[in-house]
Structures are given as structure tokens and as C-alpha cells.
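Each remark here refers to the structure printed beneath this line.
The values are calculated or read from the model by the stated rules, or taken from the named source; none is laboratory data. Predicted model only: the values in this text are computed from it and were never measured. Note that we place each Cβ from the backbone using ideal geometry, even for glycine, and neighbour counts take in every protein chain shown. Please note that ligands, DNA and RNA were not included when accessible areas were found on the heavy atoms of the full protein model with its side chains. Shrake-Rupley method; radii C 1.70, N 1.55, O 1.52, S 1.80 Å.
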Amino acid sequence: SAGIVTPVRELLPGARRRDHTVTSAQTDDTVWVFTDNLESSSSPSNEGGWTHLDASGQPAAWHIDTIYGCSGNSFWCGRVDSSWVNDPNRYGYDNNWSQFLQNYVDLTGAASPVNISFIHHLDIESGFDSATLQVFDLAESWVNLATWSGTVAGSGGEPCALVTAQIPDSIIAKYNPVLFRFVFESDIQGSSADGVYPGEGWAIDSVTVLAGLSDLRFYDDFEAGPGTWTVSTFPPVGDNWRIQAN
């Protein structure tokens with residue numbers, strides 16, 4: 001049909017613009033670059049050259065390291081990656097991370113209050129990425145004790161800051177041992193991987209659980225290895241692309 005056709009380059013943001021007046025004769029000059037109606041294809045083994053994958057999974061990032069930490073060994077949620085060419089030092093964290101570092105503590109007969117303390121160093125995109133301390137509640141699932149975003153460091157030039165949070169007595173009364181974990185989450189952009197925010201991730205050290213005034217129930221500075229810590233990520237959601245009728 002007669003009319004004006006707008007080139008694709010004029011519709012794309014940031015593309016170089018030109019003025020094109022297209023006549024009705026030109027609209028008939030169609031060059032097919034690729035076409036596939038998928039009617040002769042089927043999944044899983046007859047997909048006509050189409051390939052697909054599930055990119056929702058991420059490698060576990062929490063590990064003991066000295067690159068970004070406090071004193072000696074620290075558990076760091078981050079990694080070194082030479083392909084992050086827009087990051088100044090080529091280490092930090094990636095987008096779409098949900099990373100977990102978990103342990104437990106025996107609180108049999110523990111006096112109140114029971115406090116969990118640790119020192120940490122944080123550099124993540126403020127307001128978009130988060131670092132959270134959680135404790136497990138049999139009735140409520142995982143409960144947040146504290147959440148941080150942005151930059152956290154110690155005072156007076158110290159790399160790490162000390163924080164303390166109380167484990168609620170109501171949780172302690174329900175079960176034993178009590179589970180606690182550190183959760184690092186990043187959104188879809190703004191990380192060391194894309195260079196939009198060249199943050200370094202989250203490092204923790206000297207994790208302590210103290211009951212009452214002097215009853216030490218847990219301590220780990222990671223100098224002796226991973227101990228009873230477990231590291232995990234959310235599992236991939238699965239590759240859902242497939243050829244299907246209707």
C-alpha cells in the first residue's frame with residue numbers, strides 16, 4: 001500500500017537519524033533476511049537450528065579469601081573475573097545474584113539476650129543491591145535481622161565495621177540448633193560485571209554468637225577453613241524455551 005515507511009534506525013534509541021521519504025514503489029522492494037514459521041519443527045530434537053539455554057543460574061560466590069576482607073581470611077561474596085573489562089580492578093560481583101552463606105548455633109539453655117555479631121566490609125550499589133542477616137523461624141521462614149546497602153566500612157581507617165543483632169527469644173524457644181545466614185542479592189544491572197557500578201561485594205569476618213554476658217556459643221574467624229558453613233545459590237529456573245502448538 002502507498003504511504004511512508006520509517007526505517008528501523010529511526011525507531012531505535014540512540015541510532016543515527018536520516019530523513020527518508022519512501023514512495024509506494026519502494027514499499028514493494030522487500031528483501032527477506034530470515035523467515036521461519038516453525039511449522040516443520042518440534043521440540044526437543046527437531047528445532048531447525050534454534051538454540052536456547054537457561055542463564056538464570058549463577059556459580060556460588062561465597063568463599064574464603066584475603067582479596068577483599070577484614071583481617072586475614074574473610075568470607076567474601078565476590079569473585080575475580082578478567083572479562084569484566086569495564087571494572088577498574090576486575091573483581092567484585094555480578095548481576096542477578098542471590099547468594100547464601102549459612103550456619104547454625106546450639107542455643108540449648110542459652111540465657112537472654114542472644115546476640116550475633118560480626119565485622120563486615122560492603123561496597124554494592126545503594127538502593128538496588130542488598131546484604132542481609134537472617135535467622136530461621138519455624139513459623140515465619142527466614143526473618144531479617146538487619147539489611148545493608150551501599151558502602152559500609154570501619155571508622156578510623158579500619159576496613160570493616162562491627163555490627164550486632166539480637167536473635168529473638170521467640171525463635172530460640174521454638175527449635176534448636178538455630179539456623180542463621182548471610183544473603184547477598186543484586187539486581188539486573190550496576191555491578192563489576194557491567195562496570196555501571198564497580199563495587200567489590202560483601203566480606204564478613206569474626207562471626208560471634210554470645211548468650212547473656214559471657215556465654216560464647218559460636219565463633220569463627222575463618223582462619224581454620226570453612227568449618228560448618230554451607231554455601232548455596234538459588235537453583236536455575238530451567239530452560240523453558242520449546243516449540244509447541246498454540
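Of the residues making up segment 80-126, those that are open to solvent by less than 70 Å² (accessible area, probe 1.4 Å), out of contact with any helix residue (DSSP H, G or I) (no Cβ under 7 Å at 6 or more places or on another chain) and part of a loop (DSSP other than H, G, I, E, B) are Asp81, Trp84, Asp87, Asn89, Tyr93, Asp94, Asn95, Trp97, Ala111, Pro113, Ile124, Glu125. Restricting segment 127-144 to residues that are touching a Ser or Thr at 6+ places or on another chain (Cβ under 8 Å) and of a type in the set (A, V, I, L, M, F, W, C), the residue that is most open to solvent (accessible area, probe 1.4 Å) is Phe128. The residue pairs whose first member lies in segment 94-112 and is over 30 Å from Glu200 (Cβ atoms), whose second member is of a type in the set (D, E, K, R) and in a strand (DSSP E or B), and whose beta carbons are closer than 8 Å, counting only pairs six or more residues apart or on different chains, are Asp106/Arg217; Leu107/Arg217; Ala110/Asp215; Ala110/Arg217; Ala111/Asp215.
Taking Tyr68, is it of a type outside the set (Asp, Glu), crowded, with 18+ Cβ neighbours inside 10 Å and in contact (Cβ under 8 Å) with a residue 24 or more places away in the chain? Before you say what the answer is, go through the steps one by one.
Working: of a type outside the set (Asp, Glu): yes; crowded, with 18+ Cβ neighbours inside 10 Å: yes; in contact (Cβ under 8 Å) with a residue 24 or more places away in the chain: yes.
In short, yes.
Checked against (1) part of a loop (DSSP other than H, G, I, E, B); (2) open to solvent by less than 60 Å² (accessible area, probe 1.4 Å), Thr35 passes all but a single condition, namely (2). Annotation note: of Ala139, Ala153, Ala193, the sole residue that is under 19 Å from Gly72 (Cα atoms) and in contact (Cβ under 8 Å) with a residue 24 or more places away in the chain is Ala153.
Given segment 195-236, what strands (runs of 3 or more DSSP E) lie entirely inside it while holding 1 or more residues that are open to solvent by less than 60 Å² (accessible area, probe 1.4 Å) and polar (S, T, N, Q)? If you could, list the steps in order and put the result at the bottom.
Values: elements: 201-211, 215-220, 230-233.
In segment 195-236, 201-211, 230-233 are the strands (runs of 3 or more DSSP E) which contain 1 or more residues that are open to solvent by less than 60 Å² (accessible area, probe 1.4 Å) and polar (S, T, N, Q).
Looking only at residues in segment 156-169 that are touching a strand residue (DSSP E or B) at 6+ places or on another chain (Cβ under 9 Å) and at pLDDT below 95, the one that is most open to solvent (accessible area, probe 1.4 Å) is Glu158.
Check whether at least one residue in segment 170-186 is in contact with a Pro (Cβ under 7 Å, 6 or more places away or on another chain) and exposed (fewer than 15 other Cβ atoms within 10 Å of the Cβ), and report yes or no. Walk me through it before giving the result.
Start the filter on segment 170-186 by keeping residues that are in contact with a Pro (Cβ under 7 Å, 6 or more places away or on another chain), which leaves none.
No, the conditions are met nowhere in segment 170-186.
Taking first residues from segment 208-225 that are closer than 15 Å to Asp169 by Cα and partners that are open to solvent by 90 Å² or more (accessible area, probe 1.4 Å) and part of a strand (DSSP E or B), the Cβ contacts under 9 Å between residues at least 6 apart in sequence or on separate chains come to Val209/Leu216; Val209/Tyr219; Leu210/Leu216; Leu210/Tyr219. Once segment 145-155 is narrowed to residues that are farther than 18 Å from Tyr68 by Cβ and modelled with pLDDT of 95 or more, the residue that is surrounded by the most Cβ atoms within 10 Å (Cβ to Cβ) is Leu145.
Among the residues of segment 230-246, those that are farther than 23 Å from Gly49 by Cβ and of a type in the set (A, V, I, L, M, F, W, C) comprise Val231, Phe234, Val237.
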